[in-house]
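Report on the following structure.
The values are calculated or read from the model by the stated rules, or taken from the named source; none is laboratory data. None of the values given here were measured: they were computed from a predicted structure. In this analysis, Cβ positions are derived from the backbone assuming ideal geometry, glycine residues included, and neighbour counts consider all displayed protein chains. Surface accessibility is based on the protein's heavy atoms, side chains included, excluding ligands, DNA and RNA. Shrake-Rupley method; radii C 1.70, N 1.55, O 1.52, S 1.80 Å.
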Amino acid sequence: MRTKLYSQIAKNTFTQFLTYRIDLFGSSIRISLSAIASLIFWYAIYQTNSDVSIYNTKTILGYFILMPIIGAFTMIVSNIGRDIKDGKFSNHLTKPYGITKFFFVKQIAKKSVFLLHSLPVYFLITTIVIIRFNLNFNIGNLLIGLSFAIGALILHFFMDTTISWLAFWIDEVWAFGHFKRILFVVLGGLSIPLDFYPRHLYDLVSLLPFKYIFYIPISYSLGMKTDTNTFIIDILLLLFWILFFIITSHLLLKRGLKKYGAFGN
Amino acid sequence: MVHLGIRKLKKYLQIYLTLIKFEFILRSTYRMSFLFEVGVDVGYSLASIFFFNILYRNINEIVGWTYYEILFLVGLNIIFTQIILDVFMANRLFALPQKIKDGEIDMPLLKPLSSLFYLTVKGIGPSTINMLPGVFLVFYALVKLAYLPNFLAIFFGSIIFICGILIGYSIITIITTITFKLNSSSDNLPRLGFESIDYYGSNPHQIYSNIALKTLFYIIFPIIYISSVPASTILNGVDYRFLLAALLLAATFLTITIKFWNRMIKHYSSASS
């Protein structure tokens with residue numbers, strides 16, 4: 001019965017977001033342009049510097065061409081904070097479903113629509129780059145990277161809900177979405193692989209959850225991480241952070257609902 | 001004719017000063033939101049500086065640009081980005097698709113002034129404080145380079161920078177104006193325009209080394225005049241070819257923008273009123 005309920009929610013969300021096809025396609029074009037800009041920039045760097053950090057021209061181009069594909073799986077955009085501020089959140093309180101489960105199912109459905117429209121664009125660009133620069137990818141490594149990306153999606157979802165529930169107390173929760181993105185840039189490998197960082201900084205950043213959104217899935221996809229111990233530690237740390245954000249999110253939601261005044265509705 | 005032109009300029013200047021006044025009043029009403037906005041913009045600027053700091057621990061130069069020269073470029077780019085965001089994007093170009101969809105641009109079209117000006121230009125406000133990291137970075141880089149640019153370099157560099165702003169504004173507006181035909185409320189088009197000039201315009205222009213990229217980014221989509229060429233002019237002296245090209249391209253793009261806007265606005269249909 002519950003499974004049917006959440007399946008219907010997913011189906012409705014899927015249908016709803018199919019009407020925004022042009023917008024989704026537009027988003028994937030924007031992300032692709034960002035990836036191409038990175039490729040041009042890093043290619044220019046490696047023309048005058050043959051090996052920088054542990055990367056050569058092929059691996060650094062591989063890193064940034066995988067960025068939009070991995071991001072298509074791991075990135076989350078939600079409006080939960082805005083719904084709370086607008087009072088629309090009260091609609092969910094009267095419905096017969098778990099709030100977190102509802103938003104998770106909605107997010108998966110929205111993600112499916114986005115992947116449907118964006119992956120063809122990304123694969124086209126990736127194919128051109130692979131042929132032009134003679135890049136090589138291993139299917140096994142890509143599958144491992146994809147597995148980490150799915151784990152990162154779950155992590156990011158609970159990280160996002162933790163931030164979103166702050167809307168019960170803070171008006172400017174929109175700013176925290178931007179701060180989160182800044183953390184991805186600085187600590188997540190979004191702008192530069194973490195391997196470029198000085199050792200002490202790398203060790204510190206490795207303990208944090210942000211690396212899982214881009215750096216870890218991409219590194220494994222490229223076959224840059226082959227040590228079994230590192231693999232086990234990365235999995236355990238990922239599970240730890242998922243559990244941490246599940247608990248934090250649940251506690252914040254519980255406290256926030258007590259405070260929620262449903263203004264605006 | 002000249003007298004009419006001066007009168008028109010005076011009129012728009014007066015309107016612009018009023019827009020600035022409104023902007024300050026609005027910002028002082030939502031102070032917390034303004035502070036968070038400053039925090040976000042400063043955060044992005046610091047992230048950019050952090051990126052180059054980490055990169056230059058691994059390399060010595062990027063297409064001939066040393067670390068402090070790149071910081072100078074980054075500072076100039078931050079200033080450019082803030083001007084574009086503050087004057088043209090926030091509540092103007094970003095909001096235009098939704099306003100078109102909702103039919104909310106009837107009133108601006110009826111006013112006795114240019115609809116392009118009214119709908120795409122906002123009064124510069126307290127958000128210009130977000131430029132400060134860029135200004136600081138520019139001066140910091142010059143101190144570290146132990147270099148004081150001469151008057152001509154600063155003068156012509158500033159001219160090219162202003163041309164870059166006009167080119168950037170024109171590109172974003174041309175792309176956004178397509179919304180009149182698409183009737184989509186999404187802000188994808190203005191974001192596409194802004195992000196394109198931000199991603200490609202923040203790099204040293206020498207990275208566009210082959211003939212295809214040079215044709216694209218020097219002429220067709222001339223984003224090199226946004227920060228790289230102005231920075232290069234101030235640091236290395238003026239290349240008169242770039243100066244002439246910047247002036248020509250700014251005039252051309254502005255003219256195309258005005259003509260394209262006037263053409264596309266004919267597709268607008270009011271929702272009510």
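The table that follows gives values for the structure above.
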| quantity | calculated |
| --- | --- |
| Calculated FRET efficiency for the pair B:Ser28/B:Leu182, C-beta based, R₀ 35 Å, to 0.05 | 0.45 |
| Estimated buried accessible area (total), pair B and A, 1.4 Å, Å² to nearest 100 | 3000 |
| Top of A:Ser50, A:Ser164, A:Ser206 by mean-square fluctuation, Gaussian network on chain A, Cα under 10 Å | A:Ser50 |
| Average beta carbon contacts from partner chains per residue of A:177-185, 10 Å cutoff | 4 |
| 1.4 Å probe accessible area per residue over the stretch B:1-126, in Å² | 51 |
| Cα lying deepest toward the dipole's positive end in chain B, options B:Leu85, B:Ile25, B:Gly237, charges on Cβ | B:Ile25 |
| Alpha carbon centroid spacing (whole Å) that separates the stretch A:3-34 from the stretch B:100-115 | 32 |
| Under 15 Å from the A:Leu251 label point (7 Å along Cα→beta-carbon), backbone N, the stretch A:136-160 | A:159 |
| Above-threshold pairs, the threshold being 27 Å between Cα atoms, out of A:Lys85/A:Lys258; A:Lys88/A:Lys254; A:Lys11/B:Lys181; A:Lys95/A:Lys180; A:Lys111/A:Lys211 | A:Lys11/B:Lys181; A:Lys95/A:Lys180 |
| Two-decimal log10 I(q)/I(0) for the protein assembly as shown, as the Debye equation yields it once each C-alpha is a single scatterer, q = 0.06 Å⁻¹ | -0.32 |
| Protein accessible area in chain B, 1.4 Å probe - carbon and sulfur % | 68 |
| Peptide-level mean, for B:54-61, of C-beta atoms on other protein chains within 10 Å | 6 |
| Cut-off under 5 Å, modelled amide H: who pairs with B:Gly103 long-range | B:Ala271 |
| B:Thr18-B:Ile219 FRET efficiency (beta carbon distance; Förster radius 41 Å; 0.05 resolution) | 0.60 |
| Extended-chain gain in nm, criterion 0.36 nm per residue less alpha-carbon gap, A:Arg21 and A:Asn79 | 19.0 nm |
| In Hz, Karplus ³J(HN,Hα) per residue of the stretch A:105-110 (6.51, -1.76, 1.60; θ = phi - 60°; x = Gly, Pro) | 4, 4, 5, 5, 5, 5 |
| Cα→Cβ-extended label distance, 7 Å offset, between B:Lys111 and A:Phe137, nm | 5.0 |
| Most mobile of B:Val63, B:Val238, B:Val121 in a GNM of chain B (Cα contacts under 10 Å) | B:Val63 |
| HN-Hα J in Hz across the stretch A:187-202 - Karplus 6.51, -1.76, 1.60, θ = phi - 60°, x for Gly and Pro | 10, x, x, 6, 9, 8, x, 5, 5, 6, 6, x, 3, 5, 6, 4 |
| Chain B: calculated mean residue ellipticity at 222 nm from DSSP helix runs of at least 4, using -39500 (n - 2.57) | -22000 deg cm²/dmol |
| Geometric extent, Cα atoms of the stretch B:127-273 - Rg, Dmax (angstrom) | 17.7, 62 |
| Partners for B:Lys21 among lysines (Cα-Cα distance below 19 Å; same-chain residues under 8 apart left out) | B:Lys10, B:Lys11, B:Lys122 |
| Listing of the stretch A:6-30 residues, each with accessible area lower by at least 50 Å² in the full protein assembly than in the chain alone (probe 1.4 Å) | A:Asp23, A:Arg30 |
